[in-house]
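**Q** The structure is given below, and queries will be raised subsequently.
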Amino acid sequence: MPDALRQSRYHMKRCFSRFTGMGKRLMKFQHLKDEIDETIDDKVERSKVLEGSIGDILSSTHEAAVVPPYVGFAIRHNPGVWDYVKVDADSLSVDIITSTDYLKLKEVIFDENWAKDENALEIDFGTFDANIPRLALSSSIGNGVGYISKFMTSMLSGKTESAKPLMDYLLTLERNGEKLMINETLNTVAKLQAALVIAQLFVAAHPKDTPYQNFEQRLKEWGFEKGWGDNAERVRQTMKIVSEILEAPDPLNMEAFFSRLPVIYNIVIFSVHGYFGQADVLGLPDTGGQVVYILDQVRALEEEMLLRIKQQGLNVKPQILVVTRLIPDAKGNKCSQEMEPTVNTMHSHILRDATAKILGLMEGKPDLIIGNYTDGNLVASLVASKLGVPLGTIAHALEKTKYEDSDVKWKDLDSKYHFSCQFTADMIAMNAADFIITSTYQEIAGSKNRAGQYESHVAFTMPGLYRVVSGINVFDPKFNIAAPGADQSVYFPFSEKQKRFAKFQPAIEQLLYSKQENEEHIKKPIIFSMARLDTVKNITGLTEWYGKNKRLRNLVNLVIVGGFFDPSKSKDREEMAEIKKMHGLIEKYQLKGHIRWIAAQTDRYRNSELYRCIADTKGAFVQPALYEAFGLTVIEAMNCGLPTFATNQGGPAEIIVDGVSGFHIDPYNGDETSNKIADFFEKCKGDSRYWNRMSQGGLKRIDECYTWKIYANKVLNMGLAYGFWRQLNKEQKQAKQRYIDIFYNLQLRKLAKNLGITDDPGSVKNRKK
Ligand code: UDP
Ligand code: LCN
């Protein structure tokens with residue numbers, strides 16, 4: 001930076017005096033750029049400055065804290081990689097500062113007395129992580145299991161006895177009092193190694209499909225218990241993997257080993273917020289994709305556990321309990337019922353009003369606890385710590401990044417959003433978690449130009465409350481990406497005619513084409529969007545782009561599912577405003593006859609048929625959100641073979657490969673977007689194979705990366721790998737947990753006491769916006 005400032009000293013002096021001239025303030029990249037534009041009015045000179053080193057630095061600047069005569073810069077070079085500098089506007093001298101000093105400078109803007117208080121509370125989770133290995137490359141973020149497998153490989157390598165922790169771990173495995181894998185006969189690595197050699201020879205002499213029971217007795221005599229496999233071949237493979245690890249561990253064998261361990265059969269998932277039900281709840285306050293996600297997750301995990309149990313040759317009944325809140329005034333759904341079986345599963349339930357019941361129902365401790373969202377994660381972290389059980393957390397959409405400067409401006413927003421409480425709970429859960437399940441990379445570490453949701457917790461401050469000098473490290477190997485899918489028994493390609501839910505087709509036909517529409521309307525392909533009618537979903541944006549673009553209107557009709565027609569039916573201020581805006585746009589652009597607006601739908605079978613009927617018209621799905629954490633509708637549409645245009649802001653940018661499996665659209669550039677959609681339909685008119693190519697591209701992408709099968713496999717492997725990892729890092733984990741306990745007891749409980757609790761889950765504040 002000093003060189004960059006020296007290069008353009010004259011202009012920079014003027015720019016910095018302009019930055020500081022308006023007194024204390026927080027400036028974002030765009031503000032800085034606008035003020036530079038205004039200060040250097042000569043275009044050629046300006047481009048020279050902006051194209052030089054100063055331009056590079058500016059484009060990586062996340063924000064600047066102006067406290068005359070200083071300007072502090074938070075510079076983000078790469079996802080997760082930050083630097084902080086302080087420039088003296090008078091002399092243009094530059095100092096590299098710590099994140100703590102940057103936060104203090106920033107606090108001066110919002111609460112000068114607190115910023116200068118030497119006793120202001122500082123939170124530093126990082127001090128407990130000194131011995132935890134860290135990823136080094138931004139590109140490796142999110143592949144925690146891969147990394148710890150490598151790390152464990154080196155920990156277990158070397159002398160034979162280096163593998164003792166692994167053998168000790170095997171010795172702890174048991175189910176219902178029955179030992180699994182090995183017993184005390186094999187209590188040294190050398191003994192285990194020798195026994196494995198003999199056992200492999202013995203097992204290999206049997207036909208591959210010989211049931212385990214046929215040779216169980218002999219293995220037992222050598223010290224082996226159940227769990228190695230259901231037949232001779234499976235047992236031989238598992239033994240080979242363990243032998244190779246004991247000889248010289250390698251990451252691939254480590255991962256394969258963990259995936260075969262007979263450890264996880266009882267899982268508790270805490271998903272507390274919103275109306276957690278299996279019917280008639282979608283669209284209620286706080287109730288959207290996260291409920292779909294958890295229910296599909298349960299089905300996928302149960303299926304994967306049943307498969308693994310069979311392959312392990314065990315006779316164990318897996319159990320998944322989703323624990324949620326009981327809502328006495330359940331508005332016509334089953335959220336007031338204490339216990340309910342999960343549809344399409346054999347052994348999974350939803351339990352409302354839990355505590356001691358979990359232990360009773362599972363006849364002991366669960367093997368894994370998973371939390372979902374702030375409130376679910378907090379409860380999950382408390383229960384996991386109490387029971388000493390591995391913890392995974394999920395937060396599809398953390399709140400902090402949704403509102404600009406929600407941390408420094410927390411005092412203004414707290415009465416409405418309770419951010420003080422929420423961010424504290426989030427910090428507790430993400431630090432307590434053994435592993436964090438995310439849907440995309442951007443959720444952890446953002447993209448080139450945008451900080452990730454977790455990344456925004458690295459260092460931040462809430463002036464007057466506390467300063468977080470080290471909240472989380474996105475290079476921590478606890479982060480893993482496991483993207484969800486869509487239930488493929490519901491969302492399957494339009495071309496699978498024999499499977500189609502034909503019974504819904506007349507009603508859908510009626511919804512899409514009523515009598516007053518003319519023939520021309522019916523013949524056109526349809527572009528379709530479905531979402532809660534929140535501002536961020538930008539359904540009104542799509543309607544406006546469509547209204548404005550004559551070429552697009554001539555090519556396609558628009559179908560929207562979401563909200564209500566009648567704003568008075570909505571209890572949500574934001575939704576009401578969007579409904580009114582929709583009516584205004586339909587009027588303004590005279591969209592009658594071109595648009596079909598269908599109120600929110602709750603039946604996913606019917607919805608899936610709707611996606612397919614739209615595909616029958618050779619139409620497309622459009623997800624126009626201003627920001628979308630993941631975007632289940634994108635996955636649903638692609639599973640149905642419907643070409644998809646989705647926002648480039650957030651998860652969909654990762655789901656779709658632009659031009660190959662769908663298209664990215666820029667929600668901040670409506671003209672470009674509507675023309676991109678129109679170009680597609682024009683191209684399809686000229687070449688009908690193009691539509692099929694995009695439809696196939698989407699399906700291929702789903703099969704490769706976005707299925708619940710892939711997800712369940714990954715998540716169970718995480719539970720298994722981190723279950724062992726936490727044993728290896730027991731002391732560090734305990735020390736950190738004590739710090740978390742203090743934070744919980746002294747901060748969160750106090751903050752929570754001040755919250756007004758109401759009965760309506762929506763009114764605790766619709767967190768999904
Ligand atoms: N959905 C629905 N009816 C509607 C709108 C949405 O059933 O009127 C479903 C949609 O099919 C998807 C979920 O709700 O399964 C929305 O998930 P997404 O991830 O797209 O967004 P979220 O609502 O979680 O922000
Ligand atoms: C929450 C969101 O905001 C969506 O983007 C996700 O698709 C959904 O949860 C399920 O993960």
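**Q** Looking at the structure I just gave you, is Tyr466 in contact with a helix residue (DSSP H, G or I) (Cβ under 8 Å, 6 or more places away or on another chain), within 16 Å of ligand 2 (Cβ to nearest atom) and not aliphatic (A, V, I, L, M)?
**A** Against the criterion (in contact with a helix residue (DSSP H, G or I) (Cβ under 8 Å, 6 or more places away or on another chain), within 16 Å of ligand 2 (Cβ to nearest atom) and not aliphatic (A, V, I, L, M)), Tyr466 does not qualify.
**Q** Restricting to the range 386-410, count the residues that are closer than 18 Å to Gly464 by Cβ and either hydroxyl-bearing (Ser, Thr, Tyr) or in contact (Cβ under 8 Å) with a residue 60 or more places away in the chain (or both).
**A** 6
**Q** Every residue in the range 195-234 that is loosely packed, with under 15 Cβ neighbours inside 10 Å, under 20 Å from Leu246 (Cβ atoms) and in contact with a helix residue (DSSP H, G or I) (Cβ under 9 Å, 6 or more places away or on another chain), please.
**A** Passing the criteria: Val197, Ile198, Ala204.
**Q** Can we say Ile320 is open to solvent by less than 10 Å² (accessible area, probe 1.4 Å) and at pLDDT 95 or above?
**A** yes
**Q** Quick one: is Lys571 outside any helix (DSSP H, G or I), away from ligand 2 (no atom under 16 Å from the Cβ), closer than 23 Å to Gln696 by Cα and charged (D, E, K, R)?
**A** Spelling it out, it is not the case that Lys571 is outside any helix (DSSP H, G or I), away from ligand 2 (no atom under 16 Å from the Cβ), closer than 23 Å to Gln696 by Cα and charged (D, E, K, R).
**Q** In the list Thr424, Thr393, Thr374, Thr401, which residue meets the criterion of being of a type outside the set (Gly, Ala, Ser), open to solvent by less than 20 Å² (accessible area, probe 1.4 Å) and under 27 Å from Gly631 (Cβ atoms)?
**A** Going through Thr424, Thr393, Thr374, Thr401 in turn, the sole match is Thr393.
**Q** What is the one condition in (1) crowded, with 22+ Cβ neighbours inside 10 Å; (2) over 29 Å from the mean Cα position of the chain (by Cα); (3) not polar (S, T, N, Q) that Lys548 does not satisfy?
**A** (1)
**Q** For the range 542-563, state whether one or more residues are within 30 Å of Lys714 (Cα to Cα), within 16 Å of ligand 2 (Cβ to nearest atom) and out of contact with any Pro (no Cβ under 8 Å at 6 or more places or on another chain).
**A** No: zero hits.
**Q** Quick one: Glu636 ticks every box in (1) touching a residue at least 40 places away in the same chain (Cβ under 8 Å); (2) more than 14 Å from ligand 1 (Cβ to nearest atom); (3) among the acidic types (Asp, Glu) except a single one, so which number is it?
**A** Going through the list (1) touching a residue at least 40 places away in the same chain (Cβ under 8 Å); (2) more than 14 Å from ligand 1 (Cβ to nearest atom); (3) among the acidic types (Asp, Glu), Glu636 breaks only (2).
**Q** Just to be sure before I move on: is Lys179 open to solvent by 60 Å² or more (accessible area, probe 1.4 Å), out of contact with any strand residue (DSSP E or B) (no Cβ under 7 Å at 6 or more places or on another chain) and in contact (Cβ under 8 Å) with a residue 40 or more places away in the chain in the structure I sent?
**A** It is true that Lys179 is open to solvent by 60 Å² or more (accessible area, probe 1.4 Å), out of contact with any strand residue (DSSP E or B) (no Cβ under 7 Å at 6 or more places or on another chain) and in contact (Cβ under 8 Å) with a residue 40 or more places away in the chain.
**Q** Further, regarding this structure: Since Val715 meets every condition but one in (1) touching a helix residue (DSSP H, G or I) at 6+ places or on another chain (Cβ under 6 Å); (2) farther than 18 Å from Glu636 by Cβ; (3) open to solvent by less than 60 Å² (accessible area, probe 1.4 Å), which condition does it not meet?
**A** (1)
**Q** Go through (1) without any contact (Cβ under 8 Å) to a residue 24 or more places away in the chain; (2) under 20 Å from Tyr102 (Cα atoms) one by one and return the number of the condition Val44 breaks.
**A** (2)
**Q** Another one. From the residues in the range 413-436 that are assigned to a helix (DSSP H, G or I) and under 12 Å from Phe479 (Cα atoms), which one is nearest to the chain's Cα centre (by Cα)?
**A** Met430
**Q** Checking Val536 against (1) open to solvent by 10 Å² or more (accessible area, probe 1.4 Å); (2) part of a helix (DSSP H, G or I); (3) of a type in the set (A, V, I, L, M); (4) away from ligand 2 (no atom under 16 Å from the Cβ), only one condition comes out false. Which one?
**A** With (1) open to solvent by 10 Å² or more (accessible area, probe 1.4 Å); (2) part of a helix (DSSP H, G or I); (3) of a type in the set (A, V, I, L, M); (4) away from ligand 2 (no atom under 16 Å from the Cβ) applied to Val536, the lone miss is (4).
**Q** Tell me yes or no: at least one residue of the range 600-619 is within 16 Å of ligand 1 (Cβ to nearest atom), farther than 30 Å from Lys503 by Cα and in a loop (DSSP other than H, G, I, E, B).
**A** No, there is no match, as no residue in the range 600-619 is within 16 Å of ligand 1 (Cβ to nearest atom), farther than 30 Å from Lys503 by Cα and in a loop (DSSP other than H, G, I, E, B).
**Q** Which strands (runs of 3 or more DSSP E) does the range 437-502 wholly contain that include 2 or more residues that are open to solvent by 20 Å² or more (accessible area, probe 1.4 Å) and modelled with pLDDT of 95 or more?
**A** Answer list for the range 437-502: 466-470.
**Q** Only one of (1) within 16 Å of ligand 1 (Cβ to nearest atom); (2) buried (at least 21 other Cβ atoms within 10 Å of the Cβ) is not met by Val292, so which one is it?
**A** Single failed check for Val292: (2).
**Q** Would you point out which residue out of Ser139, Ser162, Ser149 is over 26 Å from the mean Cα position of the chain (by Cα) and not β-branched (Val, Ile, Thr)?
**A** Ser162
**Q** Right, something else. Could you list all residues from the range 271-289 that are open to solvent by 10 Å² or more (accessible area, probe 1.4 Å), of a type in the set (A, V, I, L, M, F, W, C) and more than 20 Å from Glu575 (Cβ to Cβ)?
**A** Across the range 271-289, the qualifying residues are Val272, Ala279.
**Q** Residue under question is Ile327, and the condition is that it be outside any helix (DSSP H, G or I) and open to solvent by less than 10 Å² (accessible area, probe 1.4 Å); does it hold?
**A** It is true that Ile327 is outside any helix (DSSP H, G or I) and open to solvent by less than 10 Å² (accessible area, probe 1.4 Å).
**Q** Moving on. Quickly run through the range 296-317 and pick out the residues that are within 19 Å of His349 (Cβ to Cβ), more than 10 Å from ligand 1 (Cβ to nearest atom) and not basic (Lys, Arg).
**A** Of everything in the range 296-317, those that are within 19 Å of His349 (Cβ to Cβ), more than 10 Å from ligand 1 (Cβ to nearest atom) and not basic (Lys, Arg) turn out to be Gln297, Val298, Ala300, Leu301, Glu302, Glu303, Glu304, Met305, Leu306, Ile309, Val316.
**Q** Could I ask something else about it? Check Leu252 against each of (1) surrounded by fewer than 20 Cβ atoms within 10 Å (Cβ to Cβ); (2) among the hydrophobic types (A, V, I, L, M, F, W, C); (3) in contact with a His (Cβ under 9 Å, 6 or more places away or on another chain) and name the one condition it does not meet.
**A** If we test Leu252 against (1) surrounded by fewer than 20 Cβ atoms within 10 Å (Cβ to Cβ); (2) among the hydrophobic types (A, V, I, L, M, F, W, C); (3) in contact with a His (Cβ under 9 Å, 6 or more places away or on another chain), just (3) comes out false.
**Q** Another question, if that's okay. Here are the criteria: (1) surrounded by fewer than 24 Cβ atoms within 10 Å (Cβ to Cβ); (2) assigned to a strand (DSSP E or B). Tell me which single one Val408 does not satisfy.
**A** Result: Val408 passes all but (2).
**Q** Give the number of residues within the range 295-317 that are open to solvent by 20 Å² or more (accessible area, probe 1.4 Å), assigned to a helix (DSSP H, G or I) and of a type outside the set (D, E, K, R).
**A** So the count comes out to 3.
**Q** Can you name the helices (runs of 4 or more DSSP H) wholly within the range 643-743 that have at least 1 residues being within 20 Å of Phe494 (Cβ to Cβ), touching a residue at least 40 places away in the same chain (Cβ under 8 Å) and hydroxyl-bearing (Ser, Thr, Tyr)?
**A** Answer list for the range 643-743: 688-705.
**Q** Please go through the range 341-359 and give me each residue that is over 25 Å from the mean Cα position of the chain (by Cα), outside any loop (DSSP other than H, G, I, E, B) and within 22 Å of Val383 (Cα to Cα), ordered by number.
**A** Of everything in the range 341-359, those that are over 25 Å from the mean Cα position of the chain (by Cα), outside any loop (DSSP other than H, G, I, E, B) and within 22 Å of Val383 (Cα to Cα) turn out to be Ala356, Lys357, Ile358, Leu359.
**Q** Can you tell me how many residues within the range 103-120 are surrounded by fewer than 15 Cβ atoms within 10 Å (Cβ to Cβ) and either outside any loop (DSSP other than H, G, I, E, B) or not polar (S, T, N, Q) (or both)?
**A** Of the residues in that region, 5 qualify.
**Q** Here's something else I'd like to know. Taking only the range 222-274 into account, find how many residues are hydrophobic (A, V, I, L, M, F, W, C) and in a helix (DSSP H, G or I).
**A** 13
The values are calculated or read from the model by the stated rules, or taken from the named source; none is laboratory data. Here the structure is a predicted model, which is why all the values come from computation and not from measurement. A quick note on method: Cβ atoms are made from the backbone with ideal geometry, for glycine too, and the neighbour counts reach across all protein chains shown. Accessible surface areas use protein heavy atoms only, side chains included; no ligands, DNA or RNA. Shrake-Rupley method; radii C 1.70, N 1.55, O 1.52, S 1.80 Å.
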